[in-house]
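Below is one structure; the comments refer to it alone.
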Amino acid sequence: MTTFAEFMKKDDIPENTKFITHNIDSNGYTKFVIFSYNINVAVQGFIVLRTWGEDSKGLLYEYEDEDGAILGLHDHNKSDVFMQGAVKWDGCSNWTFENQENCAIHFCGEEEAALLGTIMRAAYNITRDIIRTI
């Protein structure tokens, strides 16, 4: 899996990139956090992280350690990227699920699987609000 910090380096996203975060909630707690950023005037980029809810210190972002154990941690830079992509001014988009090499994405029920549609809808709405042409 690729961590948020590794993804930033791999895709040459400048360290001073301004991110806007958007929470996707289900059953009373945050399941996904979308980090959106401008790639250029016509394209909005997105990095999606999965969470385990939150504790008194804040959100717990999902991370898989070298032994395959799934852990929750507060530092989003060390969190695994769930998916990433971009939406263009004309409505076209490209998405990559970072765990594709594992050939499976696990969901705990229909409601959690349906959140993929919620993430996509949010990405288009965010892009529409920023670019205002789609």
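Could you say whether any residue in the range 30-44 is among the β-branched types (Val, Ile, Thr), buried (at least 17 other Cβ atoms within 10 Å of the Cβ) and in contact with a His (Cβ under 6 Å, 6 or more places away or on another chain)? The answer is yes; a qualifying residue exists. Among the residues of the range 30-42, the one identified as free of Cβ contacts under 8 Å to residues at least 40 places away in the same chain and either farther than 22 Å from residue 92 by Cβ or touching a Leu at 6+ places or on another chain (Cβ under 6 Å) (or both) is 30.
The set of residues in the range 30-81 that are within 14 Å of the chain's Cα centre (by Cα) and among the small types (Gly, Ala, Ser) comprises 36, 45, 79. Criterion first (of a type outside the set (Ser, Thr, Tyr) and under 18 Å from residue 130 (Cα atoms)) does residue 39 satisfy it? Spelling it out, residue 39 is indeed of a type outside the set (Ser, Thr, Tyr) and under 18 Å from residue 130 (Cα atoms).
Looking across the range 12-29, the residues that are without any contact (Cβ under 8 Å) to a residue 12 or more places away in the chain and within 15 Å of the chain's Cα centre (by Cα) come down to 23, 25.
Would you call residue 101 at pLDDT below 85, charged (D, E, K, R) and either assigned to a strand (DSSP E or B) or surrounded by 16 or more Cβ atoms within 10 Å (Cβ to Cβ) (or both)?
So residue 101 does not fit the description; no.
Screening residue 95 with (1) surrounded by 10 or more Cβ atoms within 10 Å (Cβ to Cβ); (2) without any contact (Cβ under 8 Å) to a residue 40 or more places away in the chain; (3) over 13 Å from the mean Cα position of the chain (by Cα) gives one miss only, at (3).
The values are calculated or read from the model by the stated rules, or taken from the named source; none is laboratory data. The structure displayed is predicted, hence computed values, not measured ones. Quick reminder, even Gly has a Cβ in these numbers, built from the backbone with ideal geometry, and neighbours come from all protein chains shown.
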